[in-house]
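A quick write-up on the structure given underneath.
The values are calculated or read from the model by the stated rules, or taken from the named source; none is laboratory data. None of these values were measured; they are calculated from a predicted model. Cβ: placed from backbone, ideal geometry, glycine included. Neighbour counts: every protein chain shown. Ligands, DNA and RNA are stripped out before the accessible areas are found, and what is left, the full protein with its side chains, is counted by its heavy atoms. Shrake-Rupley method; radii C 1.70, N 1.55, O 1.52, S 1.80 Å.
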Amino acid sequence: MTHLPAHLAAIEHIYLDRSARDEPLTARVLDRLPGLPLTEREDEAGPVEHPGTGQALWLRRFKGRFLRPCPGTRIYHCCAYQIAHIGENCPMSCTYCILQAYFQDRTLKVWTNRDDFLEELDRTFSEDPTRRWRIGTGEFTDSLALEALTGLSGDLVEFLGRFPNVCLELKSKIVDLSWTPRVPRPDRVLPAWSLNAPQIVATQEQGTASLEERLQAARTCADAGFKVCLHFDPIIHFPGWQEGYSRTIKMIGDMLAPEHVAYISLGSFRHMPELAGIIARRHPQAGYVHGEFVPGLDGKMRLLRPLRVEQFTFLAARLTALGFGPALYFCMESDEVWRAVLGRTPGEFGGLGRYLMDRAFGGERDSG
Amino acid sequence: MTVSDAVILIPAQAIEASSPCLFWPGEPDESLAFSLARLGQMEPVLVERQGEGFSLVAGARRLAVLTDLGRPVLAREVEATDLEKGLLYLSTNAARPLTDGMRFAALRYFHMLLTESELTNFVAPLMGLSPQGRDIRLLLAWFNLPDAFDPALMSGRLPLAAGEPLSRMTREEQEAVLPFFATLAWSRGSAVNFLTWILEAARAREMSASEILAQGGFYPILSEEGLSPKDAITALTALARAARYPALFRLETEAVRLGREICAGTAFRLTRPDQFETPAVELTVRVAGPGPLSRATADFQKIAASPLWDRLFNLAEAPAEPEA
Ligand code: SF4
């Protein structure tokens, strides 16, 4: 049996839709999880209701659109990337995880119809080879959490070798570099890690890799010719946050140089109002959820603006001092915040989406 | 259990009314006294034999009135277990309007005699509660709180809903909030807000609720002279909100002050609609005719010339000051 990483150890049962039985991806997953109880079910049987305390893995075909725009808003600037939908839910358990509000269950869903997925991407990206795309798989799951079972990121990077107009971001909190040897063009893949203060990683991100491991992996990728992305998201307001984030930034400075990094996002913890109740119930240790959150203009709860600006200013100053200033951007922030912290707004430099596109493509300007 | 068919007449002094099964003691109302005085006793009380005399099982208020009137009491004799006596009392008093405190008093009696599931499924419906409802859950959870909270609930000073934030506190924190419910009578909203804000302020700062209360100047309000109970509750609730949202509270206070100064002497009202997410303000005025309209126009000119606008617009633009 393949040696499974620790974050997958809780998987105790596989559910398999009949229509997914003969998919090559199914065979691969089953091969890597031998000996686990398996229940075959009709496609129409409704959602899996797994009675056990461990995790269930559900292999099924996905019938919707795989590629969709990241849902931005008018008021807060969105990074304008496209989500490649590879599955749902995550084996790790971060107290702040938005997926707790998106999905009722914790079943790990893997879409097995990989050929449909790649065909859709092929159609979309071939249509206009001059149009550039930034895509990412880490929206409804962690990009690499199930890589040891699915190998899907490996398939994807190999497939995207045919599309120099596409840059793929693989965002994760674990370390799995098994896909890297299959990358034809490292300048079109952005390995990305979410970072946080050490106390937050230790107490609120159960099952994830340590900060040292994430940054070491980022360095390995940088040495292999990749540009990496770092995401301070969600930035948490907790007692001692200054010291915590300073330590993480120092670790970044010790491990990476500015030329290794495509971009670094700063995103304050924000949430749908109902998520706060879920977090408070499930994770009593998550005291940060009782911070000073007020309804934002998009209906999500956000930390009071001066508190956000204080945190952003603190992080931005330290990252800028290390030379990472040009890589910084805010995830879903208003002009007021951009101006207060970085002294510029996305409108003044041609829009955030375009800026990130240029940085993702190694500084190549969009001709369009 | 047996209840005799025969009705006996006994002197009121021969009946002891201190059995724990009389869990809803209370003063008889005037209409009962009037009816017993004018019409006499229609319904016998229930008693059980106790040595030479009797112990009352149901009919405490009738007994009290008849004692005052100096009249003998019509009674039926029962032989029953403690559980049956409680159920008899409950069923003969079921028509009374029940408060959460009364329900808790009843549950406290039955708590030693029945399991939680029996309390939920059999006793709760007798008191008009759904076994699946939130109230029975809260009532049963109340048993995990220190007994010192019981009098406040039973007297109605502390609403049942307060049990939810209370149950999330440590024992030490529960003891720290107890003095606030010793004499003040809280509405449901105020009590829940007060406790929740204190608790959340503590969790957010990785402190205990006791520390928040001690450092936040809460206790002196309890002994402040000249403060009515209503004003004390208003002051405590405001203090709790300030502890829960310190930066927001500071901004709101300053915005209200500047808004009042800017609009002083005019009919305009100034608010910040976006909770400081933007610098925007809203000015509102109500006019009902050309005269008020032209006055409002003049007021508006005056308001626009205020030197305080810069401060108001820039109120939330600087990073938050560290908390004092
Ligand atoms: S790693 Fe990401 S997707 Fe997984 S639980 Fe944490 S926040 Fe959620």
How large is ³J(HN,Hα) for each residue in the range A:301-313, as worked out from phi by the Karplus curve 6.51 cos²θ - 1.76 cosθ + 1.60 (θ = phi - 60°), to whole Hz, x for Gly and Pro?
7, 10, 4, 3, 3, x, 6, 4, 4, 4, 5, 4, 4
Taking springs between alpha-carbon atoms closer than 10 angstrom, which of A:Pro71, A:Pro234, A:Pro273 fluctuates most in the Gaussian network model of chain A?
A:Pro71
Shielding of B:250-257 by other chains, given as the mean Cβ count within 10 Å, works out to 1
Treat every Asp and Glu Cβ in the range A:149-254 as -1 and every Lys and Arg Cβ as +1, leave all other atoms uncharged, and give the resulting dipole magnitude about the Cα centre to the nearest 20 debye.
240
Once Lys and Arg get +1 and Asp and Glu get -1 on their Cβ, which of A:Phe361, A:Gly350, A:Ile279 lies farthest toward the positive end of the dipole of the range A:247-368?
A:Ile279
Descending semi-axes in whole angstrom, ellipsoid equivalent of the protein assembly as shown, from the Cα gyration tensor
62, 38, 21
Counting only DSSP beta bridges with both residues in the protein assembly as shown, tell me the antiparallel percent, nearest 5.
40
Net length gained if the chain between B:Val256 and B:Ala6 were fully extended (0.36 nm per residue, minus Cα distance)
82.6 nm
Taking the Cα centre of the protein assembly as shown as origin, work out the dipole magnitude from +1 charges on Lys and Arg Cβ and -1 charges on Asp and Glu Cβ, in debye rounded to 20.
1560
Applied in sequence order to the range A:186-198, the curve 6.51 cos²θ - 1.76 cosθ + 1.60 (Karplus, θ = phi - 60°) yields integer Hz couplings, x standing for Gly and Pro, of x, 6, 10, 10, 10, x, 9, 10, 7, 10, 8, 5, x
Per-residue HN-Hα couplings for the range B:220-231, Karplus 6.51 cos²θ - 1.76 cosθ + 1.60 at θ = phi - 60°, whole Hz, x for Gly and Pro?
x, 4, 5, 10, 6, 6, x, 8, 6, x, 5, 5
Under a GNM of chain A (C-alpha, springs under 10 Å), which listed residue has the highest mean-square fluctuation: A:Ile86, A:Ile236, A:Ile11?
A:Ile11
Under 20 Å from the B:Ser294 label point (7 Å along Cα→beta-carbon), backbone N, the range B:246-271
B:266-268
Which of A:Ala45, A:Ile98, A:Pro5 sits farthest toward the positive end of the charge dipole of the range A:1-140, with +1 on the Cβ of Lys and Arg and -1 on the Cβ of Asp and Glu?
A:Ile98
May I ask what percent, to the nearest 5, of DSSP beta bridges between residues of the range A:6-360 are antiparallel?
25
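For B:Phe143, A:Phe293, B:Phe218, give me the order by solvent-accessible area with a 1.4 Å probe, most accessible first, ignoring ligands, DNA and RNA. Each step should come with its number before you reach the end.
Values: B:Phe143 50, A:Phe293 20, B:Phe218 0 Å².
Result of the area sort, largest leading: B:Phe143, A:Phe293, B:Phe218.
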Using a 1.4 Å probe on the protein heavy atoms only, what accessible surface does A:Asp115 show? Give it in Å² to the nearest 10.
80
Antiparallel bridge percentage (DSSP; both residues within the range B:2-92; nearest 5)
70
Long-range share for the range B:62-154, i.e. C-alpha pairs more than 17 Å apart as a percent of all pairs, stands at 56
For the range A:1-157, averaging the sequence separation of alpha carbon pairs under 8 Å that lie six or more residues apart and dividing by its residue count, the contact order in percent is 27
Under the Debye formula (equal points on every Cα, no solvent term), log10 I(q)/I(0) of chain A at q = 0.07, 0.08, 0.14 Å⁻¹
-0.30, -0.39, -1.28
Accessible-area value, A:Phe117, 1.4 Å probe, nucleic acids and ligands omitted, Å²
10
Using a Gaussian network for chain B with springs between C-alpha atoms less than 10 Å apart, which of these wobbles most: B:Arg76, B:Arg103, B:Arg295?
B:Arg295
Alpha carbon Rg of the range A:176-231, scaled by the compact-globule rule 2.2 N^0.38 Å:
1.21
As a test question: what accessible area, to the nearest 10 Å², does B:Trp309 have when a 1.4 Å probe is rolled over all protein chains in place?
40
Approximate spin-label separation A:Asp335-A:Glu127, in nm, with each point projected 7 Å along Cα-to-Cβ
3.1
Regarding the range B:2-92, what whole-number volume in Å³ per residue does the convex hull of its Cα atoms give?
93
Projecting each Cα onto the charge dipole of chain B (Lys/Arg +1, Asp/Glu -1 at the beta carbon, about the Cα centre), which of B:Ile10, B:Thr120, B:Leu315 comes out farthest on the positive side?
B:Leu315
Of every Cα-Cα pair in chain B, the percentage lying beyond 37 Å is 45
